[in-house]
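These notes are about the structure you will find just below.
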Amino acid sequence: MINWMIQRWPGFSPYSFVLFVIFCLLAGAGAAAEPVALALEISGEVTPPIEAFSEIEAGKSFDLGAESRLEFLHYPTCQRVLVQGGRLNLSAENFRVNKGKVIDISRADCPQRVKLAMSESSSGIGGVVLRGTDSKELKVSRRPAFMVFGRELRRFTRLQVKQGPTTVLEADLPQKPLFWPENQPELAPGGDYTVQLSGPDGASHSIPLAVGKQDGQKIPAVIHID
């Protein structure tokens with residue numbers, strides 16, 4: 001195969017080919033897999049261990065033994081799934097259970113997901129991408145819930161929900177999930193709200209919120225910081 005490539009591509013030496021392969025392998029190893037599911041409830045022993053409300057990346061698999069259960073929300077299919085036993089494999093398109101069984105499967109509201117790209121040249125944010133929507137606002141209920149993940153999560157220590165200049169909720173990070181406190185007044189639909197992340201090194205970003213009429217939010221809005 002190498003000889004064929006060298007003959008087909010003049011000037012392409014075996015040394016160049018080796019460097020090309022190494023570059024591709026390093027690039028693949030450095031690329032982070034896309035989260036495809038959210039673990040909701042775990043009972044029994046799961047290998048490797050996973051905590052409730054942790055994101056699961058594409059390509060991950062879990063051994064559930066004979067009786068252990070894992071309930072998760074699969075982002076690509078917007079399905080809430082409860083599996084028992086066997087081995088669970090998750091991909092970017094679907095999921096598969098070997099030698100186990102699906103106890104329950106149902107349609108679910110997929111969480112609003114926002115991806116923040118950290119800027120390398122400053123302490124701020126370089127870009128924002130909302131997943132699964134054309135809106136520039138993060139859609140939440142009157143009593144929203146949030147989760148914050150990502151490699152750069154350490155850059156942030158506080159989460160605030162603000163209405164204009166007024167702070168209506170403030171909490172420490174990381175705290176996942178962050179559900180709206182029962183003693184906290186609910187948000188007003190259509191209000192001028194934002195969720196703001198901030199850190200001691202000056203990293204800060206505000207994401208506009210679109211507050212709907214729903215009373216509660218079972219699945220938190222996901223903020224992912226790269």
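The values are calculated or read from the model by the stated rules, or taken from the named source; none is laboratory data. Model, not experiment: these values are computed from the prediction. Every residue, glycine as well, gets a Cβ built from its backbone with ideal geometry; the counts of neighbours run over all protein chains shown.
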**Request:** Select from region 156-210 the residues that are in contact with a Ser or Thr (Cβ under 6 Å, 6 or more places away or on another chain) and among the small types (G, A, S) and write down the one among them that is nearest to K139 (Cα to Cα).
**Result:** S206
**Message:** Going residue by residue through region 46-58, is there one that turns out to be exposed (fewer than 14 other Cβ atoms within 10 Å of the Cβ), over 25 Å from D226 (Cα atoms), in contact with a strand residue (DSSP E or B) (Cβ under 6 Å, 6 or more places away or on another chain) and at pLDDT 95 or above?
**Reply:** yes
**Request:** Taking T166 as meeting all but one of (1) closer than 15 Å to L197 by Cβ; (2) without any contact (Cβ under 8 Å) to a residue 40 or more places away in the chain, write down the number of the exception.
**Result:** (1)
**Prompt:** Are there any pairs with C-beta distances below 8 angstrom linking a residue in region 99-114 that is in contact (Cβ under 8 Å) with a residue 12 or more places away in the chain to a residue that is of a type in the set (A, V, I, L, M, F, W, C) and loosely packed, with under 12 Cβ neighbours inside 10 Å, with the two at least 6 apart or on different chains, and if so which?
**Reply:** V114/V129
**Request:** Restrict the check to region 5-21 and report whether at least one residue is among the small types (G, A, S) and at pLDDT 95 or above.
**Result:** no
**Asked** In the set R151, R142, which member is in a loop (DSSP other than H, G, I, E, B) and surrounded by 18 or more Cβ atoms within 10 Å (Cβ to Cβ)?
**Response** R142
**Item:** Answer residue from region 178-226, given it is among the polar types (S, T, N, Q) and part of a strand (DSSP E or B) and is surrounded by the most Cβ atoms within 10 Å (Cβ to Cβ) among those
**Value:** S198
